[in-house]
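**Student:** After the structure tokens below, expect a handful of questions from me.
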Amino acid sequence: MSMPIIVIGAGVGGLTIAALLSTEGHKVRVLEKSSKLGGRTASVKFRNHILDNGFHIMPFYKKSAIFTVLKKLKIDSNLILAKVNDIAFYSTCGFHGYPKGILDLLRLSLLPFKSRVKLLRILFPLAFTSLEKTELWDDVPLTDITKNLDFDTNAFFESVCMLAFADTADHISLGEFTRT
Ligand SMILES: Cc1cc2nc3c(=O)[nH]c(=O)nc-3n(C[C@H](O)[C@H](O)[C@H](O)COP(=O)(O)OP(=O)(O)OC[C@H]3O[C@@H](n4cnc5c(N)ncnc54)[C@H](O)[C@@H]3O)c2cc1C
């Protein structure tokens, strides 16, 4: 028991378990291969701006696992939440505001007008789908409904998947996409 517990990686997972173990009195050593903490949630400061690796959403954050841990560690008051209106993201087309719904997504200059009409036909029914029904689609790949679309409309789904899931559309299920 005198040996420290070695945690490999200082992402959210590693830091969380290390902090919890150390509050329980264990000796912990965290080994991190890069020069900064945070893993995929890392951010850098640049000319008074905070540039995130990607924006992170904590829906109903007070009920989230991470908030429970922060509270247990008594550092929940350190959590700084950004207001959605202060967030922008960058694509090859320039800076965009954070999209807050379907209409905002369609307003992004990511795709030509004619593709937006096709998209509305797909997205509106999804937006009104019940939670229970989306769960039936958890094994259906999103690409089942996007594979026959034209290049631009498909590119929209790819961009939204990258934006919201940091992954490509073939790795996202239709259920997951619809809920998001
Ligand atoms: C753009 C983007 C947006 C996201 N948005 C959300 C969101 O909105 N909501 C949400 O809940 N999640 C989101 N996620 C997912 C979330 O960021 C990850 O699930 C979470 O950060 C994973 O944490 P982790 O500690 O498991 O792994 P990581 O963050 O990947 O940390 C692993 C750490 O281990 C280090 N490491 C790896 N190998 C070694 C080694 N051999 N030796 C030493 N160190 C090593 C790495 O350098 C890294 O620091 C998003 C992810 C991305 C990329």
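**Student:** In region 169-180, which residues are assigned to a helix (DSSP H, G or I) and closer than 14 Å to residue 147 by Cα?
**Tutor:** Restricting attention to region 169-180, the residues satisfying the condition of being assigned to a helix (DSSP H, G or I) are 169-171, 174-179.
Result: 169, 170, 171, 174.
**Student:** In this structure, is residue 163 in contact with a strand residue (DSSP E or B) (Cβ under 8 Å, 6 or more places away or on another chain), more than 16 Å from the ligand (Cβ to nearest atom) and at pLDDT below 90?
**Tutor:** Details: in contact with a strand residue (DSSP E or B) (Cβ under 8 Å, 6 or more places away or on another chain): yes; more than 16 Å from the ligand (Cβ to nearest atom): no; at pLDDT below 90: yes.
Considered against the rule, which asks whether it is in contact with a strand residue (DSSP E or B) (Cβ under 8 Å, 6 or more places away or on another chain), more than 16 Å from the ligand (Cβ to nearest atom) and at pLDDT below 90, residue 163 comes out as no.
**Student:** So which of 67, 128 is aromatic (Phe, Trp, Tyr) and over 30 Å from residue 21 (Cα atoms)? Let's see the steps before the verdict.
**Tutor:** Values: 67 fails: over 30 Å from residue 21 (Cα atoms).
So the residue among 67, 128 that is aromatic (Phe, Trp, Tyr) and over 30 Å from residue 21 (Cα atoms) is 128.
**Student:** Now for a separate question. Taking residue 86 as meeting all but one of (1) surrounded by fewer than 12 Cβ atoms within 10 Å (Cβ to Cβ); (2) within 14 Å of the ligand (Cβ to nearest atom), write down the number of the exception.
**Tutor:** Here residue 86 clears every test but (2).
**Student:** A follow-up question, please. I'd like the residue in region 142-168 that is in contact with a Lys or Arg (Cβ under 9 Å, 6 or more places away or on another chain) and outside any loop (DSSP other than H, G, I, E, B) and, out of all such residues, is surrounded by the most Cβ atoms within 10 Å (Cβ to Cβ).
**Tutor:** 156
**Student:** Let me ask you something else. Can residue 68 be described as part of a helix (DSSP H, G or I), within 11 Å of the ligand (Cβ to nearest atom) and not hydrophobic (A, V, I, L, M, F, W, C)? Steps first, please.
**Tutor:** Working: part of a helix (DSSP H, G or I): yes; within 11 Å of the ligand (Cβ to nearest atom): no; not hydrophobic (A, V, I, L, M, F, W, C): yes.
No.
**Student:** When you check residue 16 against the structure, is it polar (S, T, N, Q) and within 23 Å of the chain's Cα centre (by Cα), yes or no?
**Tutor:** On the way: polar (S, T, N, Q): yes; within 23 Å of the chain's Cα centre (by Cα): yes.
Here the answer is yes, as residue 16 does meet what is asked.
**Student:** Going through region 44-54 one residue at a time, which ones are more than 7 Å from the ligand (Cβ to nearest atom) and within 14 Å of the chain's Cα centre (by Cα)? If you could, list the steps in order and put the result at the bottom.
**Tutor:** Kept after step one, since they are more than 7 Å from the ligand (Cβ to nearest atom), are these residues of region 44-54: 44-52.
Passing the criteria: only 52.
**Student:** With 41, 23 as the choices, which residue is hydroxyl-bearing (Ser, Thr, Tyr), surrounded by 10 or more Cβ atoms within 10 Å (Cβ to Cβ) and farther than 30 Å from residue 2 by Cα? Walk me through it before giving the result.
**Tutor:** On the way: 23 fails: farther than 30 Å from residue 2 by Cα.
Result of the check over 41, 23: 41.
**Student:** So is residue 33 more than 12 Å from the ligand (Cβ to nearest atom), exposed (fewer than 15 other Cβ atoms within 10 Å of the Cβ) and not β-branched (Val, Ile, Thr) or not? Steps first, answer last, please.
**Tutor:** Numbers: more than 12 Å from the ligand (Cβ to nearest atom): no; exposed (fewer than 15 other Cβ atoms within 10 Å of the Cβ): yes; not β-branched (Val, Ile, Thr): yes.
The answer is no for residue 33.
The values are calculated or read from the model by the stated rules, or taken from the named source; none is laboratory data. No experiment lies behind these values; they were computed from the predicted model shown. Cβ sites come from the backbone with ideal geometry, for glycine too, and all protein chains shown count toward neighbours.
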